1. Might you let me know whether segment 315-325 holds any residue that is surrounded by fewer than 17 Cβ atoms within 10 Å (Cβ to Cβ) and not hydrophobic (A, V, I, L, M, F, W, C)?
2. Condition first: in contact with a Pro (Cβ under 6 Å, 6 or more places away or on another chain) and either free of Cβ contacts under 8 Å to residues at least 60 places away in the same chain or under 22 Å from Pro352 (Cβ atoms) (or both). Can you find one or more residues in segment 92-115 that meet it?
3. Scan (1) crowded, with 21+ Cβ neighbours inside 10 Å; (2) part of a helix (DSSP H, G or I); (3) charged (D, E, K, R) for the single condition Lys238 breaks and write down its number.
4. With the requirement that a residue be surrounded by fewer than 22 Cβ atoms within 10 Å (Cβ to Cβ), in a loop (DSSP other than H, G, I, E, B) and not acidic (Asp, Glu), what does segment 157-167 give you?
5. Exactly one condition in (1) over 19 Å from Asn24 (Cα atoms); (2) touching a residue at least 24 places away in the same chain (Cβ under 8 Å) is false for Pro352; which is it?
6. Testing Ala72 on (1) assigned to a helix (DSSP H, G or I); (2) of a type outside the set (Lys, Arg); (3) touching a residue at least 40 places away in the same chain (Cβ under 8 Å); (4) crowded, with 19+ Cβ neighbours inside 10 Å, one condition comes back false. Which one is that?
7. Let me spell it out: the conditions are (1) closer than 22 Å to Thr368 by Cα; (2) in the same structural domain as Ala72 (by TED's automatic domain parsing); (3) over 16 Å from the mean Cα position of the chain (by Cα); (4) among the polar types (S, T, N, Q), and Ser229 meets all of them except one. Which number is the exception?
8. Quick check, is Thr351 among the polar types (S, T, N, Q) and buried (at least 24 other Cβ atoms within 10 Å of the Cβ)?
Amino acid sequence: MTLKVGRGAFAPPFIVMDVIAAANAKAAAQAADAPKVIRMEVGQPGTGAPRGAAEAAIAALQAAAPMGYTEAFGLRSLRERISQYYAEQYGLAVPASRICVTVGASGAFPLAFLAAFDAGDTVAMASPYYPPYVNILTALGMKPLLLECDASTRWQPTLAMLEKLDPRPSGLIIASPCNPAGTMMDAAEFQAIAAWCEREGVRLVSDEIYHGLSYGQQPEVSAAGCSASAIVVNSFSKYFSMTGWRVGWLVLPEDLVRPVECLTQNLFICAPHVAQVAAEAAFGCRAELDENLARYGRNRALLLRELPKAGLDRLSPADGAFYLWADVSALTNDSPEFCARLLAEASLAVTPGVDFDSARGSRFLRLTYCGPEADMAAVPGRIAAFLGR
């Protein structure tokens with residue numbers, strides 16, 4: 001007898017995780033005197049949690065009180081501190097009652113999608129896109145609608161694109177700064193798209209996990225200040241440099257507060273208690289975190305200057321986050337094979353574009369520049385040697 005396997009089990013892989021495994025295997029197998037594997041494949045800060053966050057976790061673990069379940073929406077003190085962050089960062093009044101602490105942004109997306117959409121609903125997004133958007137929606141029986149973007153739109157969706165959609169989708173995901181291109185949406189365009197979603201009955205999901213990581217080209221705009229019906233996703237993984245702690249948050253519209261609370265109770269119970277303690281303390285570590293941002297900025301400037309000389313001369317504008325989206329169509333039409341060779345021959349781990357755009361990604365690479373400065377300084381030379389420059 002053949003047993004049924006659920007449709008969700010056939011969600012595509014998140015290819016960057018396969019690249020991580022290949023890079024780990026390469027690093028483990030090579031000789032001690034071989035060039036180190038430089039990691040540009042994963043969007044993970046090269047630094048760990050800020051010192052104050054780690055010390056808060058240590059103190060909590062040494063205290064007599066157990067690290068038990070918190071409320072499903074998270075520690076009230078953390079939610080109040082996130083509320084304060086919106087007042088400080090954006091001048092917005094976001095009550096703690098509308099904030100749900102989640103198991104990273106990865107845990108926030110299924111909560112948001114299940115609360116806002118039904119199986120069969122269509123949710124639009126730019127292509128290229130963060131792969132789990134598509135994979136989670138597909139696993140939940142929802143239908144991703146890809147809006148093909150390119151350099152002419154700065155890899156972001158436009159209001160003109162949305163107005164052509166008939167019928168209207170049930171939802172729209174936007175990210176500014178975005179992954180993989182690192183571009184940001186113009187503030188006026190962002191606000192116009194949020195207003196269009198309100199007017200057309202389209203639920204806006206704004207992925208803001210790269211807020212705090214921008215380089216002066218565009219102001220950061222939160223959908224929490226643009227739309228009463230929008231869902232905001234954020235995380236402590238990127239600016240706060242706490243990827244492995246698995247803690248993020250949602251800012252919810254009033255109509256989804258109780259539905260998301262019930263879903264959280266059943267799916268996750270709560271985010272890890274000790275991670276929430278550390279996350280709250282991270283808000284007091286802004287000086288250290290801004291030093292990280294300055295380092296990313298130096299890496300960005302170096303690569304934007306030197307990579308074109310090395311042979312990668314078609315790069316995204318890189319307004320924010322820590323990614324470069326490189327058009328390598330003059331060099332290859334097989335980005336997975338190209339990336340495999342880069343790892344094998346140049347000990348350089350980067351992610352093939354097919355992870356982010358199945359239709360056009362064979363001609364693109366995503367390079368992450370949040371690693372150590374010495375590593376990033378070595379990258380253009382390795383690529384030039386690989387390309388025979």
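The values are calculated or read from the model by the stated rules, or taken from the named source; none is laboratory data. Computed from a prediction, not measured in an experiment: that's the story for all the values here. Using ideal geometry, Cβ is built from the backbone for each residue, glycine included, and neighbour counts are taken over all protein chains shown.
1. No, because not a single residue in segment 315-325 is surrounded by fewer than 17 Cβ atoms within 10 Å (Cβ to Cβ) and not hydrophobic (A, V, I, L, M, F, W, C).
2. no
3. Status for Lys238: all satisfied but (2).
4. First, the residues of segment 157-167 that are surrounded by fewer than 22 Cβ atoms within 10 Å (Cβ to Cβ): 158-167.
Applying the additional criterion that residues be in a loop (DSSP other than H, G, I, E, B) yields 158, 164-167.
Within segment 157-167, Thr158, Lys164, Leu165, Pro167 meet the criteria.
5. Single failed check for Pro352: (1).
6. The single condition Ala72 does not satisfy is (1).
7. If we test Ser229 against (1) closer than 22 Å to Thr368 by Cα; (2) in the same structural domain as Ala72 (by TED's automatic domain parsing); (3) over 16 Å from the mean Cα position of the chain (by Cα); (4) among the polar types (S, T, N, Q), just (1) comes out false.
8. Values: among the polar types (S, T, N, Q): yes; buried (at least 24 other Cβ atoms within 10 Å of the Cβ): yes.
It is true that Thr351 is among the polar types (S, T, N, Q) and buried (at least 24 other Cβ atoms within 10 Å of the Cβ).
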